[in-house]
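Take a look at the structure set out below.
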Amino acid sequence: MDIKEILEHLPHRYPFLLVDRVVLCEPGKSIHAYKNITINEPYFVGHFPHHPVMPGVLIMEALAQAAGILSFKTMGMKPDANSVFYFVGIDNARFKKPVSAGDQLHLHVEILRQMRGIWKYKAVARVDGEVVAEADLMCAKRDVT
């Protein structure tokens, strides 16, 4: 999936869109996407100016966005103004190495289960094949009024 199709499957936009390309998506199973980390990222101005590091919460958000694409592809639908996927849980989060400008953050997400609108995923972020972060994520689809 290129950026045009990603924009069709996520409601996020700059500067909060954290997926640049989807390498592989198997609906109902897993996704492999990536985010190119550049020195122009807005968070590097303050985190940390003397040693720019991608905030861990944004690594989790990037994984959640990849999970969102996977969920929409699995359901055969696209986001609309009537519903939203909320990030409802992060368990077993671990940060192994910092992510810096110049890195390509690979996002690997696998569906563990889906029941009554709640999705659970196993998510792993890698740079150069090495795990930099991992977590069990939960998201829920909710109607908005």
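The values are calculated or read from the model by the stated rules, or taken from the named source; none is laboratory data. On a predicted model such as this, the values are computed, not experimentally measured, just so you know. Note: ideal-geometry Cβ built from the backbone for every residue, glycine included; neighbour counts use all protein chains shown.
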Please find, within the range 5-28, the residue that is surrounded by the fewest Cβ atoms within 10 Å (Cβ to Cβ) out of those that are closer than 22 Å to Val131 by Cβ and touching a helix residue (DSSP H, G or I) at 6+ places or on another chain (Cβ under 8 Å).
Arg21
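Any residue that is acidic (Asp, Glu), more than 12 Å from the chain's Cα centre (by Cα), in a loop (DSSP other than H, G, I, E, B) and within 15 Å of Ala101 (Cβ to Cβ) - is there at least one of those in the range 26-45? Break it down into steps so the answer makes sense when it comes.
Looking only at the range 26-45, we keep the residues that are acidic (Asp, Glu), and these are 26, 41.
Applying the additional criterion that residues be more than 12 Å from the chain's Cα centre (by Cα) yields 26, 41.
Cutting the leftovers down to in a loop (DSSP other than H, G, I, E, B) gives us 41.
With the extra rule that they be within 15 Å of Ala101 (Cβ to Cβ), the set shrinks to 41.
Within the range 26-45, one or more residues are acidic (Asp, Glu), more than 12 Å from the chain's Cα centre (by Cα), in a loop (DSSP other than H, G, I, E, B) and within 15 Å of Ala101 (Cβ to Cβ).
With the condition kept exactly as written, say whether any residue in the range 132-145 is touching a Ser or Thr at 6+ places or on another chain (Cβ under 9 Å), among the β-branched types (Val, Ile, Thr), touching a residue at least 60 places away in the same chain (Cβ under 8 Å) and surrounded by fewer than 13 Cβ atoms within 10 Å (Cβ to Cβ).
Just the residues of the range 132-145 that are touching a Ser or Thr at 6+ places or on another chain (Cβ under 9 Å), to begin with: 139, 141-144.
Adding the requirement that they be among the β-branched types (Val, Ile, Thr) leaves 144.
From what's left, touching a residue at least 60 places away in the same chain (Cβ under 8 Å): 144.
Okay, now just the ones that are also surrounded by fewer than 13 Cβ atoms within 10 Å (Cβ to Cβ), so 144.
Checked the range 132-145: at least one residue is touching a Ser or Thr at 6+ places or on another chain (Cβ under 9 Å), among the β-branched types (Val, Ile, Thr), touching a residue at least 60 places away in the same chain (Cβ under 8 Å) and surrounded by fewer than 13 Cβ atoms within 10 Å (Cβ to Cβ).
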Residue count for the range 79-112, restricted to those that are surrounded by 14 or more Cβ atoms within 10 Å (Cβ to Cβ), at pLDDT below 95 and not in a strand (DSSP E or B)
1
Of the numbered conditions (1) crowded, with 20+ Cβ neighbours inside 10 Å; (2) hydrophobic (A, V, I, L, M, F, W, C); (3) over 30 Å from Val45 (Cβ atoms); (4) touching a residue at least 60 places away in the same chain (Cβ under 8 Å), Leu70 satisfies every one except a single condition; which is it?
(4)
Single unsatisfied condition, Phe72 versus (1) part of a helix (DSSP H, G or I); (2) within 17 Å of Ala123 (Cα to Cα); (3) modelled with pLDDT of 95 or more:
(3)
For the range 42-65, check the following and say yes or no: at least one residue is surrounded by fewer than 12 Cβ atoms within 10 Å (Cβ to Cβ) and closer than 16 Å to His9 by Cβ.
no
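Any chance you could count how many residues in the range 19-36 are of a type in the set (Asp, Glu) and in contact (Cβ under 8 Å) with a residue 12 or more places away in the chain?
Going through the range 19-36 one residue at a time, the tally reaches 1.
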What is the one condition in (1) under 15 Å from Cys139 (Cβ atoms); (2) over 14 Å from the mean Cα position of the chain (by Cα) that Ser71 does not satisfy?
(2)
